[in-house]
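Colleague: I have a structure here, written as structure tokens, and I will follow up with some questions on it.
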């Protein structure tokens, strides 16, 4: 596909020392200022009525539609085909949902003609529903995303000098692991924090080393996986460990957090949990503000719909699939994107929605030969396999500890090196045998859903 040509050009240009330094320095200065401004605007928006916020969001949607109608081949063709005139939000609701299959089939045409293609950033999603996806965003979209994380930190009371500790699917060299080091120090300016703790290696026999490092660092804010911090919390409570520092907030993201886990974490770390829901596709950002556990979508990030099983807007108290539209990524616009995640609506005003709970973000795990749990959030999605771009659908099946089968529907670019990458990355973390099966399709459940993991065994 031609988009990869631009990738190669960007890499080639980045090797020219003066251009590389000048470009990076200019971009960094510009977007750090922009991130701070957007974060401040989010704070100011707290005092704006929801009616006005909804009206502003509607205007931004119409502006986006007019832009894609002029510059985006995919939407130009689509609007002509279904005879959309882009006059009001009624036209917006006529636009068919954008699926992962449509994105893969129209990746080039979804790039707007006025986008600076050389400097688009390529990302991927592991696909918690078994559908990996590759996509692109521009610097402005990334700045808006970073600003929302800054805003969430500020809600927790962040002050300059506070240390933020992250958790994720972070690979740690064996030489360090042999010394019981399971964390890294992030480069300056990383939005996720100052230190990153790997969720890949946490076990009963090494958990005390994680605790000791946390006590040494004394983070003011934590962020990351609920499963990781719940494991730490249970250990802290069991051992009656008293953390000798104050924690301002715990930002949990990427996976579902149960009520019991939240209570464990808040008791152990003596702080409030702030929940977050978002995506690598950068179409939606939802958060709780510390006053309740009700999620609120940000009208400065995206237009959110929840569609029930009858194809209608879900009413308060109803569940449905989250459909999201990014209002910032003009370079590769995702309009009415099917996220495959579900939520229960508690309130809505236009494209602003409040959720009682987010569904579909599970804490799936597989068991290795030693009966250790390995959560897929870190093991699969946190490692961001290059193979994601070459897989149409995939599914993991486990019938006994220490062994899994992976069913894969290959994409056109899939090669043996993709299989090797999957095998090597999983087996570098978990002692587990892998059998690969290649198929034309992945079977659906009786309710018509496609499960990423079919787990038939339980931890002893």
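Quick note: the coordinates plus some simple rules give every number you see, no bench work behind them. Predicted, not measured: the structure shown is a model, and the values here were computed from it. Ideal geometry is used to build each Cβ from the backbone, glycine not excepted, and the neighbour counts take in all protein chains shown.
Colleague: Assuming R0 = 30 Å, can you tell me the calculated FRET efficiency for the pair residue 386 and residue 439, based on Cβ-Cβ distance, to the nearest 0.05?
Modeller: E(calc), rounded to 0.05, equals 0.90.
Colleague: Across every pair of different alpha-carbon atoms, what Kirkwood hydrodynamic radius in Å does the chain reach?
Modeller: Values: mean 1/r = 0.0427 Å⁻¹.
Roughly 23.4 Å, rounded to one decimal.
Colleague: Additional query: Over the chain, what is the mean sequence separation of C-alpha contacts under 8 Å (at least six apart), divided by residue count, expressed as relative contact order in percent?
Modeller: Reported as a whole number, the value is 14 percent.
Colleague: Beta carbons within 10 angstrom, averaged per residue: use that to sort the peptides 232-240, 301-309, highest first.
Modeller: Output ranking for 232-240, 301-309: 301-309, 232-240.
Colleague: A follow-up question, please. Which distance in nm do the two modelled labels at residue 237 and residue 424 give, with both placed 7 Å along the Cα-to-Cβ direction?
Modeller: About 4.1 nm separates the two model spin labels.
Colleague: I've got another one for you. Below 8 Å, C-alpha to C-alpha, sequence gap of six or more: please give me the relative contact order for region 365-455 in percent.
Modeller: It rounds to 33 percent for region 365-455.
Colleague: I'd like to compare 432-440, 115-123: which one has the highest average count of other Cβ atoms within 10 Å, and what's the full order after that? Spell out each step's value before the answer.
Modeller: Values: 432-440: 12.7, 115-123: 16.0.
Peptide ranking by packing, descending: 115-123, 432-440.
Colleague: Give the Debye-formula value of log10 I(q)/I(0) at each listed q (0.14, 0.16, 0.20, 0.21 Å⁻¹), with one equal scatterer per alpha carbon of region 319-412, two decimals each.
Modeller: Relative scattering, expressed as log10 I(q)/I(0), comes to -0.78, -0.94, -1.15, -1.18.
Colleague: Kirkwood-based Rg over Rh for region 157-271 (C-alpha set), two decimals?
Modeller: Value, to two decimals: 0.93.
Colleague: Under Stokes-Einstein, with the Kirkwood radius over Cα pairs standing in for Rh, what whole-number D in µm²/s applies to region 102-212 at 4 °C and 1.567 mPa s?
Modeller: Value of D from the Cα-based Kirkwood radius: 75 µm²/s.
Colleague: Is it possible to state the helix-based mean residue ellipticity at 222 nm for the chain, with each DSSP H run of 4+ residues giving -39500 (n - 2.57), the sum divided by total residues, to the nearest 500 deg cm²/dmol? What is it?
Modeller: Theoretical 222 nm ellipticity from helices: -10500 deg cm²/dmol.
Colleague: Here's a follow-up. Using 0.36 nm per residue, how much length does the chain from residue 289 to residue 209 gain when fully extended, once their Cα-Cα distance is taken away?
Modeller: Contour length minus the Cα-Cα distance gives 25.6 nm.
Colleague: Turning to a different aspect of this structure: By average Cβ neighbour count within 10 Å, what is the ranking of 95-105, 335-345 from highest down?
Modeller: Taking the mean over residues of other Cβ atoms within 10 Å, the ranking is 335-345, 95-105.
Colleague: For residue 49 paired with residue 62, estimate the spin-label separation in nm (one decimal), with each label point 7 Å from Cα along the Cα-to-Cβ line.
Modeller: 1.9
Colleague: In whole percent, what relative contact order does region 221-342 give with Cα contacts below 8 Å and a gap of six or more residues?
Modeller: Once divided by the residue count of region 221-342, the mean separation gives 17 percent.
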